[in-house]
1. Which of 124, 88, 80 moves most in a GNM of the chain, Cα contacts under 10 Å?
2. If each DSSP helix of 4+ residues adds -39,500 (n - 2.57) and the sum is divided by the residues in the chain, what number results at 222 nm, nearest 500 deg cm²/dmol?
3. Can you send over the carbon and sulfur percentage of the accessible area for the chain, probe radius 1.4 Å, protein chains only?
4. Rounded, prolate or oblate: which one fits the range 1-65, using the alpha carbon gyration tensor with axes a ≥ b ≥ c (rounded when a/c is under 1.5, else prolate when a/b beats b/c, else oblate)?
5. Sorted by accessible area with a 1.4 angstrom probe, largest first, how do 57, 25 fall?
6. Please give me the summed charge of the neighbours of residue 19: other residues whose Cβ is under 14 Å from its Cβ, Lys and Arg +1, Asp and Glu -1.
7. Mind checking the full-extension length gain between residue 44 and residue 59? Use 0.36 nm per residue of separation minus the Cα-Cα distance, one decimal, nm.
8. Pull out a ≥ b ≥ c, the square roots of the eigenvalues of the alpha-carbon gyration tensor of the range 65-132, then state rounded if a/c is under 1.5, prolate if not and a/b is larger than b/c, and oblate in the remaining case.
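The values are calculated or read from the model by the stated rules, or taken from the named source; none is laboratory data. None of the values given here were measured: they were computed from a predicted structure. Using ideal geometry, Cβ is built from the backbone for each residue, glycine included, and neighbour counts are taken over all protein chains shown. These accessible areas exclude ligands, DNA and RNA; they are computed on the full protein's heavy atoms, side chains included. Shrake-Rupley method; radii C 1.70, N 1.55, O 1.52, S 1.80 Å.
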Amino acid sequence: MIDDTFSSNPDATKAALDTLASVSRKHKIAIIGYMKDMGKYAVRGHDEVGKYAARKRLTRLYTVGKLARHIAAGARKAGFPATRIRSFASRPQLERALAGTIKPDTAVLVKGTHLLKLEKTVSFLRRSLSRKRS
């Protein structure tokens, strides 16, 4: 579990994706929330992150928040399979979709602005994974 849930911008998100890509696990899932305070660069910045993510050999890409749909669009434009991308308007929707989907030998990156409270998703995933091991 890579918990990078305090702050987010395009460079930090790309660096987090690099970290996920370097982890030796069979499955790699990126959960990326929108990036705030980007002004007129918002759409392009999110799109660029999606294109970057598409090159990282992810198993799945999940996005959270209205602007994050541009991350998903960028990934699709760069050739990432649409069937392996899911976008959610809110964290609770994301968590319902994640329930029971994390397989063994999976690395998970959770990245986003603290406004999304994705640290709660990290806690949710840790609880879910510990129940699977029991």
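1. Looking only at 124, 88, 80, the largest GNM fluctuation is found for 124.
2. That comes out to -13500 deg cm²/dmol.
3. 50 percent
4. Because a/c hits 1.5 or more and a/b exceeds b/c, the range 1-65 counts as prolate.
5. Largest to smallest exposure gives the sequence 57, 25.
6. +2
7. Between residue 44 and residue 59, full extension yields an extra 3.0 nm.
8. oblate
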